[in-house]
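One structure is given here, and the rest of the page talks about it.
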Amino acid sequence: MMKETHSFQYDALVIGGGIAGLQSALDLADQGFKVAVVEKDATIGGTMIRLSKVFPTLDCASCITTPKMAAASHNDNIDLFTYCQVNSLTRSDGTLKASITQKPRYVDPDKCIGCRQCEYQCPVYVKDEEQGGFSLRKAVYIPFSNAIPQLALIDVQHCSLCGMCAKVCPTEAIDYFQQPEQFVIEAKTAILATGFKLTPIDQKKEYGAGQVANVISSLQMERLLAPHGPYQRVIRPSDGKEPDSIAYVQCAGSRDLSLGVPYCSRVCCMYAIKQAMLLSGALPLADITIYYMDIRAFGKGYEQFFQNAKAMGIEFVKAKVGKIEQGENQNVLLRIEEQEGDGRVVRREHDLVVLSLGMVPDWNPAGICPVTTDTDAFIKCVQPKLAPTLTEMEGVFVAGVAAGPKDIVDTIAEAGAAAMEASNYLNTLSSGQAA
Amino acid sequence: MGKPDKEAMKALRQQRKAYIDRAKQEIKKQRKLIKAIKGQIREEAKTVPRIAAATKLPSDQVLLFIAAMRKYGQVIEVDKDGDYFTYKLSAEA
């Protein structure tokens with residue numbers, strides 16, 4: 001049985017420990033405010049720490065995110081609450097109160113030293129979603145090598161309770177009896193930085209409903225391209241073949257009324273071009289094709305990036321992919337309708353196909369806090385032009401993709417803006433000018 | 001946590017029986033599969049399709065376990081054979 005045992009007081013609460021949440025937290029902490037960051041996963045870092053490189057600079061994503069994660073973790077003004085669920089966020093008597101559930105790791109966080117002895121000895125292999133499902137982890141595991149905090153957790157749904165982890169743990173950190181704990185965070189202001197997830201890969205039956213081998217999502221390709229990826233090189237997941245021909249299908253989850261995602265996800269063109277360029281480096285002899293409706297290269301340096309990709313020999317085909325089927329030898333057959341020339345329907349075969357899936361929100365505030373969502377299901381901004389981080393709830397701001405699809409550059413800029421709004425709000429409160 | 005109480009562990013096992021039974025089944029299947037893969041690459045480095053053909057296992061399953069065994073230090077990548085890389089058991093395995 002859970003009971004409310006603790007209550008913590010902070011100036012600011014940040015919900016979400018991805019790049020937006022971390023940037024907001026760091027900006028507030030640097031101004032001397034005490035900040036709590038609540039993250040649903042067992043590690044901070046969000047989607048960005050799972051990427052290979054970023055566009056248009058081709059900087060290593062981990063090299064940018066890891067220092068932010070470490071800075072947040074070591075900042076005296078920031079406390080990280082990972083593997084936590086926000087049950088409610090309400091305002092009473094001028095204070096925001098968040099009811100939080102700490103999910104059990106079945107590992108004592110004060111004792112675990114992250115040595116991974118438990119993980120090496122555990123006999124159960126489980127599909128590793130951190131590696132796009134292309135590798136396996138154990139039932140007791142640390143999410144990835146640069147996870148923060150470096151704490152193991154047990155996936156009880158796959159644990160045989162064999163006792164091996166407890167036997168080998170040098171600090172007696174395993175606690176099979178751990179229970180969920182409920183606590184309250186009180187803060188004067190909050191920032192919602194809850195990020196996004198991709199539209200499901202099996203959503204569209206015309207694209208094989210997730211059943212065609214070697215059709216993967218763009219985030220799965222990020223793992224294939226990452227230095228610490230599942231194979232440490234790009235090979236196709238069905239049989240380990242080094243692909244000679246790779247295709248990208250753009251707008252595979254966006255701008256599609258049939259999927260309920262009529263909007264443009266804004267980053268798919270650029271991440272597809274980025275991945276195509278990285279693939280050209282990793283597999284210099286491979287043919288890379290991008291099937292697109294139109295290329296949206298709107299940011300600083302993006303158009304040049306697109307032109308560079310064309311100059312590198314990446315083939316851009318203006319076409320709509322109508323159908324994806326399994327071909328021979330585990331290849332993928334695409335039925336495409338060309339949108340240039342005579343508009344004919346042609347079939348093309350590739351070794352590996354990447355669906356540029358769209359972005360949808362990863363969190364719905366309904367029933368948790370009185371913040372509403374827009375028609376696109378992302379958090380509604382009340383002054384989208386003049387103050388895009390303001391929500392309908394006083395003292396609660398929004399940052400990053402929680403408010404709508406955007407790239408990392410815009411996410412970080414908006415996270416800074418949200419922190420500034422929160423800082424102003426806190427200063428107004430302390431000077432007694434709040435309404 | 002010190003050594004868990006025997007009665008409490010018994011109760012916990014009862015509570016998680018469905019998960020435990022499923023995990024035990026998985027362990028059995030996985031051990032058989034890993035043994036079959038190890039048997040193929042103990043002496044000679046082989047590609048995933050060759051291992052799959054010899055063990056009659058689906059090639060995606062073979063690659064999944066090869067990736068996991070590499071991660072935990074049991075398998076190493078050796079050379080390339082056509083479009084495929086070859087894998088062998090590591091000295092530690």
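Here are the numbers:
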read-out: Cα-Cα separations in segment A:113-233 greater than 20 Å, expressed as whole percent; value: 60
read-out: Segment B:6-89: relative contact order as a whole-number percent, Cα under 8 Å and 6+ apart; value: 27
read-out: For segment B:31-68 and segment A:61-75, distance of Cα centres in Å; value: 38
read-out: Fluctuation leader among A:Ser217, A:Ser92, A:Ser238 - chain A, Gaussian network, Cα springs under 10 angstrom; value: A:Ser92
read-out: Overall dimensions of segment A:200-358 as given by Cα atoms, namely Rg and Dmax in Å; value: 14.7, 44
read-out: Of all DSSP beta bridges in the protein assembly as shown, antiparallel share, percent nearest 5; value: 60
read-out: Of A:Val38, A:Val168, A:Val398, the one that fluctuates the most in a GNM where chain A has Cα springs shorter than 10 Å; value: A:Val168
read-out: Segment A:359-388-segment A:192-250 distance, computed between alpha-carbon centres (Å); value: 28
read-out: 12 Å tail of the calculated P(r), segment A:220-266, as % of Cα pairs; value: 69
read-out: For A:Asp287, distant residues with modelled amide H under 5 Å away; value: A:Ser245, A:Ile246
read-out: Percent RCO, i.e. relative contact order, over chain A, from Cα pairs under 8 Å lying at least 6 residues apart; value: 18
read-out: Too-long pairs where the Cα-Cα distance tops 20 Å, listed order kept, from A:Lys204/B:Lys56; A:Lys53/A:Lys406; A:Lys167/B:Lys32; value: A:Lys204/B:Lys56; A:Lys167/B:Lys32
read-out: Full-extension gain in nm, A:His6 to A:Thr66, via 0.36 nm per residue minus C-alpha separation; value: 18.6 nm
read-out: For segment A:52-60, Karplus couplings with θ = phi - 60° (6.51, -1.76, 1.60), whole Hz, Gly/Pro x; value: 8, 9, 10, 8, x, 8, 6, 6, 5
read-out: Karplus-derived HN-Hα couplings along segment A:222-238 (A = 6.51, B = -1.76, C = 1.60, θ = phi - 60°), whole Hz, x at Gly and Pro; value: 4, 5, 5, 7, 6, x, 9, x, x, 10, 6, 6, 9, 9, 7, x, 7
read-out: The protein assembly as shown, dipole about Cα centre (Lys/Arg Cβ +1, Asp/Glu Cβ -1), debye to the nearest 20; value: 1820
read-out: Compactness relative to 2.2 N^0.38 Å, alpha carbon Rg of segment A:160-199; value: 2.05
read-out: For segment B:6-89, with +1 on Lys and Arg beta carbons and -1 on Asp and Glu, the positive-most of B:Met9, B:Tyr84, B:Ile37 along the dipole; value: B:Met9
read-out: Long-range Cα-Cα pairs in segment B:6-89 (distance over 15 Å), rounded percent; value: 62
read-out: Interchain or long-range residues, amide H under 5 Å from A:Ile148's placed H; value: A:Ile44
read-out: Given charges at Cβ of Lys, Arg, Asp, Glu: chain A dipole, positive-most of A:Val126, A:Ala213, A:Phe144; value: A:Ala213
read-out: Set of aspartates and glutamates near B:Lys28 by C-alpha distance (under 20 Å), chain-local residues within fewer than 8 positions excluded; value: A:Glu119, A:Asp128, A:Asp155, B:Asp60
read-out: Residues whose placed amide H lies under 5 Å from that of A:Phe196, excluding near-sequence neighbours; value: A:Asp362
read-out: Cα principal axis extents for segment A:1-55, largest first, Å; value: 45, 35, 10
read-out: D_trans [Stokes-Einstein, Kirkwood Rh over alpha-carbon pairs] for segment A:247-341, 25 °C, 0.890 mPa s, µm² s⁻¹; value: 172
read-out: Value at 222 nm in deg cm²/dmol, rounded to 500, when DSSP H runs of n ≥ 4 in the protein assembly as shown each add -39,500 (n - 2.57); value: -9000 deg cm²/dmol
read-out: Table column - 3J(HN,Hα) (Hz), segment A:278-286, Karplus curve with 6.51, -1.76, 1.60, x for Gly and Pro; value: 5, 5, 4, x, 6, 10, x, 8, 6
read-out: Candidates A:Asn146, A:Asn75, A:Asn308, ranked by Gaussian network fluctuation over chain A, Cα under 10 Å, top entry; value: A:Asn308
read-out: For B:Arg50, solvent-accessible area (1.4 Å; no DNA, RNA or ligand), Å²; value: 100
read-out: Cα coordinate range in segment A:188-244, projected on the principal axes (Å, largest first); value: 55, 33, 14
read-out: Paired Rg and Dmax values of chain A, which use every Cα atom, in angstrom; value: 22.9, 72
read-out: Charge-dipole axis of the protein assembly as shown as Lys and Arg at +1 and Asp and Glu at -1 on Cβ define it, positive-most pick from A:Asn331, A:Tyr263, B:Tyr19; value: B:Tyr19
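The values are calculated or read from the model by the stated rules, or taken from the named source; none is laboratory data. A quick note: this is a predicted structure, and the numbers were derived from the prediction, not measured. With ideal geometry, Cβ positions are generated from the backbone for all residues, glycine too; neighbour counts draw on all protein chains shown. Areas reflect the complete protein model, heavy atoms only, side chains present, ligands, DNA and RNA absent. Shrake-Rupley method; radii C 1.70, N 1.55, O 1.52, S 1.80 Å.
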